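Novice: Before I ask anything, here is the structure I am working with.
The values are calculated or read from the model by the stated rules, or taken from the named source; none is laboratory data. Note that the structure is predicted; figures quoted are calculated from it, not measured. No Cβ is skipped: glycine too gets one built from the backbone with ideal geometry, and neighbour counts run over all protein chains shown. Please note that ligands, DNA and RNA were not included when accessible areas were found on the heavy atoms of the full protein model with its side chains. Shrake-Rupley method; radii C 1.70, N 1.55, O 1.52, S 1.80 Å.
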Amino acid sequence: MDLRSEILDRALEHGFDLAGIAPCGPPPDAERFETWLVAGRHGSMGWLERGRRATVDPRSAWPEGRSLLVVAAGHSRSELRLEDGTRVARYAAGRDYHNWFGRRLRKLRRSLAEDGLAAPSRAFVDATPLLERSHAAAGGLGFASKAANLLHPRFGPWMFLGELILDADLEPTPTPPAGSCGTCTACIDACPTGAIVGPGEIDARLCISHATIEQRGPVDEPMRTGVDDWLFGCDVCSEVCPWGSKAPDLSGRLGTRPEFESGGAAASAADVLALEADDDQHAARWAGSPLRRPRRTGLARNAALVLGNRPREGGAVALRRALEHDPDATVRATAFWALVRGHARDAGVRHTLDRARAQERDVAAAADMARTDRAGPPA
């Protein structure tokens, strides 16, 4: 067996569903990535600009690299909701994939080194300056969709990706017959906020996942209704993808858990808003879960948006409490917006709103509340 085959077989033995070899050099989409950055479509994700050089050519940061081992593991495509119907992106079911996937990848790295198959210098899982999907496509793991996802004939878009930089100069794995979205535009047509601005082109500033996970501070006013009932992330483009609908349901495998609870997770958006008291409590409740990512302020803000877009039992009480007592100005301003949008005609709410505006000392939050009041509730 040749060296490449041994390395690929070892990756599959460590529990990855797919493995391939790609060149350690500029990925196929490097030029598109730079154009995307110049256009400002990365939104608030400033680290993408800071890591631009390594993203465009990994050898600028890891000159020892000769090849990339790209691996993938399928994950559940079962819909994920809280008890009140509030939606959460499927990949957040259970433990944070950065942790368990990263541990598996590091074990593979040690195994390759101990047996003298390669001397991998770095293991990457998502949060690094690599165009993962582009490298994975170059290694034969799938093809790019019009929603900028990587699609595989079996797993559709429901995959986690990772990479090892290898010092061995290996022949890239042959790419399978080119897949294609053909004339399908389901993801473009279904995107609630128009974030897919063209085939394979995403404007993160319009993306629900960016707004609910990466964006700090208040969500831009035009995006607030677009968030709808998504507490964390968004799966719409993958849900409507014909490739995604054919994928197997892999609930409960590879580190995910069939149940949603993580550290005493809340059952409703109102619970999330009421329980997100401080950063320490947030970190403890969501320990090991992707839902730690937006931090306390972001998750409470998202819960308030959901309650404004989709009023629920207990929502008005949680929103009024947040408006009157939350220590963060962003959460207070978002709770104000949600009460105006979903509960402006409820008894006593107008008095609460007027008092909150009069007492607000944060200039930005006060201005936000004033704009919300001028716009008024939806007709």
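Novice: Angle between the Cα long axis of helix 3-13 and the longest principal axis of the chain, 0 to 90 degrees, nearest 10?
Specialist: 40 degrees
Novice: Shifting gears a bit: If each of Ala367 and Ala379 carries a label point 7 Å out from its Cα toward its Cβ, how far apart are those two points in nm?
Specialist: About 2.9 nm separates the two model spin labels.
Novice: How large a share of the accessible area of the chain, in percent, is made up of carbon and sulfur atoms when the probe is 1.4 Å and the other protein chains stay in place?
Specialist: On the way: 8150 of 16550 Å².
So the carbon and sulfur contribution to the accessible surface is 49 percent.
Novice: 222 nm [θ] for the chain, helices only, -39500 (n - 2.57) per DSSP H run of 4+, per residue, to 500? Please report the intermediate quantities before stating the final value.
Specialist: Details: 17 runs with 154 residues, N = 379.
Mean residue ellipticity at 222 nm (helix-derived): -11500 deg cm²/dmol.
Novice: Using Cα pairs under 8 angstrom and six or more residues apart, how large is the relative contact order of segment 103-211, in percent? Intermediate values should be presented prior to the final figure.
Specialist: Details: 137 pairs, mean separation 28.9, N = 109.
Relative CO of segment 103-211 lands at 27 percent.
Novice: Go through segment 103-109 residue by residue and turn each phi into a ³J(HN,Hα) via Karplus (6.51, -1.76, 1.60, θ = phi - 60°); whole Hz please, and just put x for glycine and proline.
Specialist: Values, residue by residue: 4, 5, 5, 5, 5, 4, 4 Hz.
Novice: Here is a further query. Collect residues whose amide H, placed 1.01 Å from N in the peptide plane, falls under 5 Å from the amide H of Leu80; neighbours closer than 5 in sequence don't count.
Specialist: Close amide H contacts, sequence-distant or interchain: Val88.
Novice: On the full set of protein chains, 1.4 Å probe, figure out the accessible area of Ile165 and give it in Å² to the nearest 10.
Specialist: 0 Å²
Novice: If you don't mind, another one. Rolling a 1.4 angstrom probe over the protein heavy atoms, how many square angstrom per residue are accessible across the chain? Before the final figure, lay out each step's value.
Specialist: Numbers: 16550 Å² over 379 residues.
Heavy-atom accessible area per residue stands at 44 Å².
Novice: Between 0 and 90 degrees, rounded to the nearest ten: what's the tilt of helix 315-325 against the longest Cα principal axis of the chain?
Specialist: It is inclined by approximately 80 degrees.
Novice: If you place +1 on the Cβ of every Lys and Arg, -1 on the Cβ of every Asp and Glu, and leave all else neutral, what size is the dipole of the chain about its Cα centre, to the nearest 20 Debye? Numbers along the way, then the final one.
Specialist: Values: 49 positive and 51 negative charges, 111 e Å.
In debye, rounded to 20, the chain gives about 540.
Novice: While we're on this one: 5 Å is the cut-off here: which amide hydrogens, built 1.01 Å from N in the peptide plane, fall below it relative to Leu18, excluding neighbours closer than 5 in sequence?
Specialist: Hits under the 5 Å cutoff: Ala72.
Novice: When the Karplus curve 6.51 cos²θ - 1.76 cosθ + 1.60 is applied with θ = phi - 60°, which whole-Hz ³J(HN,Hα) does each residue of segment 65-72 get, with x for Gly and Pro?
Specialist: Values per residue, Gly and Pro as x: x, 10, 8, 10, 8, 10, 10, 9 Hz.
Novice: Find the relative contact order for segment 1-110 and round it to a whole percent, using C-alpha pairs within less than 8 Å whose residues are 6+ positions apart. Don't skip to the answer; put the middle values down first.
Specialist: On the way: 89 pairs, mean separation 34.8, N = 110.
After rounding, I find 32 percent.
Novice: Any idea how far apart Met45 and Glu324 come out in nm if each label point goes 7 Å out from Cα toward Cβ?
Specialist: Here the modelled spin labels are 4.1 nm apart.
Novice: Residue by residue through segment 291-296, what is 3J(HN,Hα) from phi via Karplus (6.51 cos²θ - 1.76 cosθ + 1.60, θ = phi - 60°)? Round to whole Hz and write x for glycine and proline.
Specialist: Computed from phi, the couplings for segment 291-296 are 5, 6, 4, x, 6, 4 Hz.
Novice: Scan around Met159 for amide H atoms under 5 Å from its own, H built in the peptide plane at 1.01 Å from N, and keep only partners 5 or more places away or cross-chain.
Specialist: HN-HN under 5 Å from Met159: His75.
Novice: Sequence gap at least 6, Cα distance under 8 Å: using those rules, report the relative contact order of the chain to the nearest whole percent.
Specialist: Values: 719 pairs, mean separation 67.2, N = 379.
About 18 percent, as a whole number.
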